[in-house]
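Chemist: This is the structure I want to talk about, given as structure tokens.
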Amino acid sequence: MSEFRHPPYRFGPFELDAGSLTLRARGRAVDLPRKSVETLTVLVARSGQVVSKAELMEALWPDGFVEEANLTQHVYVLRRVLRAHGMPDAIETHPRRGYCFRPPTSVLPSQRGLAWRGLRSAVAAAVLIVAVSADAVVAPCNANDPQVAQTYALGKYFGTCARWTACRVASATSAR
């Protein structure tokens, strides 16, 4: 499984970030083999459902043939870690069918979304600082002005600072 498209999850004392393939227990990183974290991600994503061994093996090793013992070993490693943190019955075996992740899970807010919001705030602050330090005069926006519309379109991804930036550019060019 080359790249996961799952959100980060929380269950018990754990946080699982499928994007970076990291597992944290009470804020500390848990050292696990990559395939073990991938196994856990597939199980947690389908929490409460039985995931067949065939589905797990296809998700973990899509391009090759591996023995079922490899999957069994990764589940064993996961059970050992979960047991050490007070979750002894987290992964349930369904003989001849597969495995089921039992604890309730919750989806955490995406860190990528938080990072993007942080970037927008930083850009808005930078634009404000530059304008203030340049003693810019901010005039009311003229929505019909093509330059204002173009600047707004270019800056629309920066949220609330976009309109301000458009007004600032329009006033700076008209003052010249």
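The values are calculated or read from the model by the stated rules, or taken from the named source; none is laboratory data. Every value quoted in this text rests on a predicted model; they were computed, and no experiment measured them. Positions of Cβ are backbone-derived with ideal geometry, glycine not excepted, and every protein chain shown enters the neighbour counts.
Chemist: Can you tell me which residues in segment 46-64 are within 22 Å of Phe11 (Cα to Cα) and either charged (D, E, K, R) or in a loop (DSSP other than H, G, I, E, B) (or both)?
Modeler: Arg46, Ser47, Gly48, Gln49
Chemist: Right, another one. Out of curiosity, is Arg79 without any contact (Cβ under 8 Å) to a residue 60 or more places away in the chain, surrounded by 12 or more Cβ atoms within 10 Å (Cβ to Cβ) and in contact with an Asp or Glu (Cβ under 8 Å, 6 or more places away or on another chain)? Step through it out loud before you land on a result.
Modeler: Working: without any contact (Cβ under 8 Å) to a residue 60 or more places away in the chain: yes; surrounded by 12 or more Cβ atoms within 10 Å (Cβ to Cβ): yes; in contact with an Asp or Glu (Cβ under 8 Å, 6 or more places away or on another chain): no.
So Arg79 fails the test.
Chemist: Checking the conditions here, which among Val37, Val107 is at pLDDT below 95 and not basic (Lys, Arg)?
Modeler: Val107
Chemist: Another question about this same structure. I need every pair where a residue in segment 52-65 that is farther than 17 Å from Phe101 by Cβ has its Cβ under 8 Å from the Cβ of a residue that is part of a helix (DSSP H, G or I), sequence separation at least 6 or different chains.
Modeler: Pairs that qualify, where the first residue is farther than 17 Å from Phe101 by Cβ and the partner is part of a helix (DSSP H, G or I), are Trp61/Asn70.
Chemist: Can you find a residue that is of a type outside the set (Lys, Arg), under 20 Å from the mean Cα position of the chain (by Cα) and modelled with pLDDT under 95 anywhere in segment 65-84? Steps first, answer last, please.
Modeler: From segment 65-84, those of a type outside the set (Lys, Arg) are 65-78, 81-82, 84; that's our starting set.
Retained after the next criterion (residues that are under 20 Å from the mean Cα position of the chain (by Cα)): none.
Within segment 65-84, not a single residue is of a type outside the set (Lys, Arg), under 20 Å from the mean Cα position of the chain (by Cα) and modelled with pLDDT under 95.
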